[in-house]
Amino acid sequence: MTAAENTHDWLAEHGDYLYRFALARLRDPHLAEDVVQETMLAAMQGGGHSGKSSARTWLTGILKHKIIDQFRRQQRETSLETPDDIADDAPGMDEFFLDDGHWNEPPQSWGDPGSLMQQDQFLQTLQDCMDKLPKKLAQIFLLRDVHESDNEEICKELEITATNAWVMLYRARMGLRKCLELNWMGGH
C-alpha cells in the first residue's frame, strides 16, 4: 500500500475524530482543518506508522504537536496582553471573597465531574464560557488544564514569567468557575 493510500485510509477512519480534537483545543474551524491537514502531511512524509500504537494514537500525537505549533505561531503574530489589560477583562476577584478571606459564597457542589464532562450540554456550556474568556486566559487554561503542559513549558511558549502564568491561570479558572455556576449550575 502506498503512503497516499495509507493517508486516505487514515483520513477516512480518523479524520472526524482528529478534527473534533483540534476544534476543541483551537476553537476555530479553519485552524482545526489546517492542523489536521498538517498532521496528515506529516504522517505521509514521516517514516510511517511503526505499529507500536494504534494509528489513531499515533496521529493524535502528531496532531498535539501541530496544535502546539499553532499556539506558537499565534504567539509570534500577536502581542501578549499586559497584566493590566488582562485585569480589565477578567472578573473581579474581590467578589468571590469576604474581607476576612473566606468565600463570599462557597462554591457549589458540581457532583461527579466525570459524568458532567460526558454530557453534551455541559461541554457546550464549557465551550461558551471558554469563548467568553480573554483569548490569552483561554489559551493558558487549555495549555495547563487540558494539554497538561507544565508551567515552565507554558512560560517558555507564551514568553511570560511564572508569576504571570499563575495569575493568568487563576483568573481563567475563576472566570470559568463563575460562568459555569451562572450558566450550568444555576440552570440545572
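Run GLU38 past the list (1) under 30 Å from GLU13 (Cα atoms); (2) at pLDDT below 85 and report the number of the one that doesn't hold. Looking at each condition in turn, GLU38 falls short on (2). Taking the numbered list (1) surrounded by 13 or more Cβ atoms within 10 Å (Cβ to Cβ); (2) modelled with pLDDT under 85 in turn, GLY46 passes all entries but (1). Report whether or not LEU169 is touching a residue at least 12 places away in the same chain (Cβ under 8 Å) and in contact with a Ser or Thr (Cβ under 6 Å, 6 or more places away or on another chain). In short, no.
In this structure, is ALA162 under 26 Å from GLY61 (Cα atoms), small (Gly, Ala, Ser) and modelled with pLDDT of 85 or more? The answer is no for ALA162. Close contacts from the range 25-37, counting a first residue that is surrounded by fewer than 21 Cβ atoms within 10 Å (Cβ to Cβ) and a second that is part of a helix (DSSP H, G or I) and hydroxyl-bearing (Ser, Thr, Tyr), with Cβ to Cβ under 9 Å and a gap of 6+ residues or different chains, come to PRO29/TYR19; GLU33/TYR19. Inspect all residues belonging to the range 4-23 and state whether any of them is assigned to a loop (DSSP other than H, G, I, E, B), modelled with pLDDT under 75 and more than 27 Å from LYS135 (Cα to Cα). Taking every residue of the range 4-23 in turn, none turns out to be assigned to a loop (DSSP other than H, G, I, E, B), modelled with pLDDT under 75 and more than 27 Å from LYS135 (Cα to Cα).
All told, ASP28 falls short of being modelled with pLDDT of 85 or more and farther than 28 Å from MET174 by Cα. Highlighted here are the helices (runs of 4 or more DSSP H) found entirely within the range 120-188 that include at least 2 residues which are over 15 Å from the mean Cα position of the chain (by Cα): 120-132, 151-158, 162-180.
The values are calculated or read from the model by the stated rules, or taken from the named source; none is laboratory data. Please read these numbers as outputs of a predicted model, since none were measured by experiment. Counting neighbours? That spans all protein chains shown, and the Cβs are built from the backbone with ideal geometry, glycine included.
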